[in-house]
Structures are given as C-alpha cells and as structure tokens.
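Contents: one structure, followed by commentary.
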Amino acid sequence: MKYSKATNYALHTMVHLTMEPKGHTVSVDQLACLQDLSPTYLSKILTKLVKAGLIESVPGAKGGYSISRRAQDISFLDVIEAVEGQSVLFNCAFDHEESDCLIELVMIEAEGNMKKELAGRTIQSIAEQSKEIKKEK
C-alpha cells in the first residue's frame, strides 16, 4: 500500500501549522518553500484540508493558514482521509459474497487495524516529538 505524495505534504504541513503560535497564520508561499513545492500544487492540498475542517484559510495581506481545531483532536487518519478519501483499499476481484472470501476478510481486518492505529496517532504528538528533537540539537 502506498499513500500519495499529497498525503506526505499534508501531514508535514499539519505538523508545521501545529507548531506555530496560536492565532498565527502561515502563507501558502511559506509552506510551499518549507517543502520545496509549487504553491499552486500545495494550494490544492490545503483546499482539501480546509474542506475537511482541519485548517482554516484567512484571507488578506496578513492572511494564510492555521489549524482550525485543537491539534490533539486531529489524527493522522483525519489528514489521510481528507487527502485520499475514505474508500476501501482492497476489493476482491471475484464475484462472490464478501463473507465467502477469506482473502477479503483478512484484508478488511488489516485495514481496520491500520485505521485504528492511524486514528490513535495525533498531529499534536508528532509536533511535540519534533520540538523535543529540535531542543536536543
């Protein structure tokens, strides 16, 4: 299984925004520069995060983006689903009842475990770990 690069950029953006002081916004140009991306490309990702209610956009000369919810309430799964959608990762190619396909049952269980793990990991926890690492350097 592989997530898109957009998910990678979204997760990094969310951690960066979490580390900003409350009420501070960061422009798309600044966020794009941090990740060596095109602002146009990053804007598309940010739009998905805004639509999901994870960040907010503040218009104007001093505008930009900021976290719209408490970072401890935003999970990795929230960010991933905002970018990738909520579709299942595996669908059996054969035409039979779901309960008859042992392979599909294993895959559904594995996907459920992965979602549970990602839902338990918050953006806040990674931001705090990142701050600690920066202090040590």
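The values are calculated or read from the model by the stated rules, or taken from the named source; none is laboratory data. Values in this document were obtained by computation on a predicted structure and should not be read as measured data. With ideal geometry, Cβ positions are generated from the backbone for all residues, glycine too; neighbour counts draw on all protein chains shown. Accessible surface areas use protein heavy atoms only, side chains included; no ligands, DNA or RNA. Shrake-Rupley method; radii C 1.70, N 1.55, O 1.52, S 1.80 Å.
Tell me, which residue of the stretch 24-63 that is open to solvent by 50 Å² or more (accessible area, probe 1.4 Å) and in contact with a strand residue (DSSP E or B) (Cβ under 8 Å, 6 or more places away or on another chain) is farthest from GLN129 (Cα to Cα)? Among those that are open to solvent by 50 Å² or more (accessible area, probe 1.4 Å) and in contact with a strand residue (DSSP E or B) (Cβ under 8 Å, 6 or more places away or on another chain), it is VAL58. SER68 meets all of the listed conditions (1) open to solvent by 80 Å² or more (accessible area, probe 1.4 Å); (2) touching an Asp or Glu at 6+ places or on another chain (Cβ under 8 Å); (3) of a type in the set (Ser, Thr, Tyr) but one, namely (1).
All conditions but one from (1) within 18 Å of the chain's Cα centre (by Cα); (2) open to solvent by less than 50 Å² (accessible area, probe 1.4 Å) apply to GLU104; the one that does not is (1). Which residue is farthest from THR25 (Cα to Cα), if the candidates are limited to the stretch 55-86 and must be of a type outside the set (D, E, K, R) and assigned to a strand (DSSP E or B)? Restricting to residues being of a type outside the set (D, E, K, R) and assigned to a strand (DSSP E or B), the top hit is SER75. Residue-level check: of (1) within 23 Å of SER4 (Cβ to Cβ); (2) modelled with pLDDT of 95 or more; (3) within 18 Å of the chain's Cα centre (by Cα), SER130 misses just (2).
Criterion applied to GLN86, GLN72 was being touching a residue at least 40 places away in the same chain (Cβ under 8 Å) and not aromatic (Phe, Trp, Tyr), and the one residue passing it is GLN72.
Does the stretch 3-23 contain at least one residue that is open to solvent by 60 Å² or more (accessible area, probe 1.4 Å), under 16 Å from the mean Cα position of the chain (by Cα) and touching a residue at least 60 places away in the same chain (Cβ under 8 Å)? Yes; the residues of the stretch 3-23 include at least one that is open to solvent by 60 Å² or more (accessible area, probe 1.4 Å), under 16 Å from the mean Cα position of the chain (by Cα) and touching a residue at least 60 places away in the same chain (Cβ under 8 Å). Scan the stretch 87-98 and give yes if some residue there is more than 26 Å from ALA119 (Cα to Cα), part of a helix (DSSP H, G or I) and open to solvent by 20 Å² or more (accessible area, probe 1.4 Å), otherwise no. Scanning the stretch 87-98 turns up no residue that is more than 26 Å from ALA119 (Cα to Cα), part of a helix (DSSP H, G or I) and open to solvent by 20 Å² or more (accessible area, probe 1.4 Å).
Yes/no per residue for (1) among the hydrophobic types (A, V, I, L, M, F, W, C); (2) in contact with a helix residue (DSSP H, G or I) (Cβ under 9 Å, 6 or more places away or on another chain):
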site	(1), (2)
HIS12	no, yes
LEU17	yes, yes
GLU20	no, no
LYS44	no, yes
LEU49	yes, yes
PRO59	no, no
SER68	no, yes
ALA71	yes, yes
